[in-house]
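The values are calculated or read from the model by the stated rules, or taken from the named source; none is laboratory data. Please read all numbers here as calculations on a predicted model, not as lab measurements. With ideal geometry, Cβ positions are generated from the backbone for all residues, glycine too; neighbour counts draw on all protein chains shown.
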Amino acid sequence: MSQNLELATRLLHADDEAHSEVNVAPAISVSTTFRAPGPVKLEYPDEPDVTSPQRHIYSRYTTPISTRVEKVLSALLGDTRLHTHRELLQLIQDGYHGVHVSIDVYKKAKPELEIIDIDDEFKPGDLCWVETPLNPTGEVRNLKYYAEKQVHAVGGRLIVDSTFAPPPIQDPFAWGADVVLHSGGQFTWTKYLGGHSDLLCGVLAVRDLEEWRALWHNRTFMGNMMTPAGQSWDGVRGGSIKHVWHATLQGQKDQGWIKKQMPGGGPACFSFMLDDPNEARVLPYMLKLFTPATSLGGVESLIEQRYLSDAGADKRLIRLSVGLENLEDLKEDLRQALNGVPAKVKARL
C-alpha cells in the first residue's frame, strides 16, 4: 500500500489484499488448522511468503486474522515488518518491573549477560533499550541522542518501547530505532493499539526482511502466536500533590526535541506524587469517572495507586490513564476527589 495515503486511509485498507473472504468486517476465527486444497492446487515454494500467505496451513505459522492484524499495524508503523506476540524479551536497567522479571529468566540461560545503565559506554553488539515515554511518569527520552551518540556510533542497536506514544504521536524509526515494541502490563498489547482494555498480546516491529524472517521462525517454534479467538479480533485544601510528571513539564531546554520527536502531543498516561501514602490508597476510590484499575490505553479513564501493581513503586505514586471522556468532566472529578481525600483518610484512621 502506498505510503502517500493519509494514515486513516492506510489503516482502513491495509489488509485489503490479505484476505479473500466475502466478510467486510473481520470474523473471529477459532480454528488452529486449515483445510488443504486439492492436489492440483498444491504448490511447494522453496521460501513461502509468510508476510502475505496464499493459504493458511496451521495457526503456529499464520492465521487469517493475525495476518490481517499485522498488515494493518505495519501500515500504522510506517511499512515495517511486524509480528504480534504473546511474550517479548526486554532489556533495561531502570524500568518497568516486568522487564526485570524477564531479565532474571533470560539470565538463567545466559548467566554472563551484563546489564549496564542506559547512559554508560556502549560497545559493538550491545543492545540499548529505551522506553519513551516512561512508565509510569510519562516523561520522554531523546531518541536521536541515544541512536546517534550512544548506540550506532559504536555498532550497537537501539530498541524502543513506544507503548505510551503510539502512532501518530511518535515514530521511533524516524529517530534511529532498529526495533520498536508496543507493549504494557506483562508484555501485553492491552493498551492504545487495542483501545478497549480487552486485548492481550505484544507487537514487535523491524524494517529488515531477513531480520523479520528470523523473528518469525523464533515465534513459530517458541509457540508465541496469538490465540485465534479474542486476542487478535478485538480552593479548600485538598490532597497535597508533591510532584507531577509529564512530557510537557520536563523543562524548557527539552521542549524543542520533545515537540519534534512527538509532534502529536504528549502521552495520555502520566503520574503524580501525593504527600501521604494513605491518601494515595484512598483517592482512586473517590473518583466517579476514573475506574480504579491498572493498564492504560482504553477508552475509559483509569487511576491506580501504582504500588498495587508494582511493588517497587513509591506508595504515594498515582498513575492516570486519560480516556475519551470530556476533559472538563475529568478535571472536576479529580478536583472533588483531591479536595475530599484528607477528610476521608482522617475518618478511616
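Considering only residues of segment 280-306 that are within 23 Å of the chain's Cα centre (by Cα) and among the aliphatic types (A, V, I, L, M), which is surrounded by the fewest Cβ atoms within 10 Å (Cβ to Cβ)?
The initial filter retains those residues of segment 280-306 that are within 23 Å of the chain's Cα centre (by Cα), namely 290-306.
Narrowing further to those that are among the aliphatic types (A, V, I, L, M): 293, 296, 299, 302-303.
On the way: 293: 16, 296: 27, 299: 10, 302: 22, 303: 23.
Result: 299.
Could you tell me which numbered condition residue 202 fails, if it satisfies all but one of (1) closer than 22 Å to residue 180 by Cα; (2) at pLDDT below 80; (3) not assigned by TED's automatic domain parsing to the domain that holds residue 143?
All conditions are met except number (3).
Could you say which residue among 317, 330, 338, 289 is among the aliphatic types (A, V, I, L, M) and closer than 30 Å to residue 145 by Cα?
Working: 330 fails: closer than 30 Å to residue 145 by Cα; 338 fails: closer than 30 Å to residue 145 by Cα; 289 fails: closer than 30 Å to residue 145 by Cα.
None of the others qualify; the one that does is 317.
From the set of residues in segment 116-151 that are hydroxyl-bearing (Ser, Thr, Tyr) and within 30 Å of residue 303 (Cα to Cα), which is modelled with the highest pLDDT? Write out each step before concluding.
First, pick out the residues of segment 116-151 that are hydroxyl-bearing (Ser, Thr, Tyr): 132, 137, 145-146.
In the following step, the residues that additionally are within 30 Å of residue 303 (Cα to Cα) were identified as 132, 137.
Values: 132: 91, 137: 86.
That would be 132.
Which of the residues spanning segment 307-332 are closer than 18 Å to residue 134 by Cβ, surrounded by fewer than 22 Cβ atoms within 10 Å (Cβ to Cβ) and within 18 Å of the chain's Cα centre (by Cα)?
Within segment 307-332, 309, 310, 322 qualify.
From the list 194, 176, which residue is among the small types (Gly, Ala, Ser) and modelled with pLDDT under 85? Working first, answer last.
Values: 176 fails: modelled with pLDDT under 85.
Criteria check complete, one pass: 194.
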